[in-house]
Amino acid sequence: MMAMYQGFGYGFPLFGIAWMLVAVGVGVLIYGLVARAGRGEPRSTPGQPDDPLTLLKARYARGETTREEFLQLQRDITGKGGSGQ
């Protein structure tokens, strides 16, 4: 009867612990990948103004800047002497 258990010996319980560690490791890996994907940079949505001149025009249209500020910032952004639109 002893020959039936020859390959296991006293180390058999360690195989169960090893498989539990593998399962926990896979779980931690999946959790880490999901958490990392959630912290990514926000993607720009279509129609969202990306360039500074568009943002400046929107601020001017909302009345957040005066005409003089708008013209000065427009010159700063474009590098030209802008006369407004």
Tell me the helices (runs of 4 or more DSSP H) entirely within segment 10-85 that contain at least 3 residues that are at pLDDT below 85. 12-38
Using the structure shown, decide if Met4 is at pLDDT below 65, assigned to a helix (DSSP H, G or I) and not small (Gly, Ala, Ser). yes
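The values are calculated or read from the model by the stated rules, or taken from the named source; none is laboratory data. All values derive from a computational prediction rather than experimental measurement.
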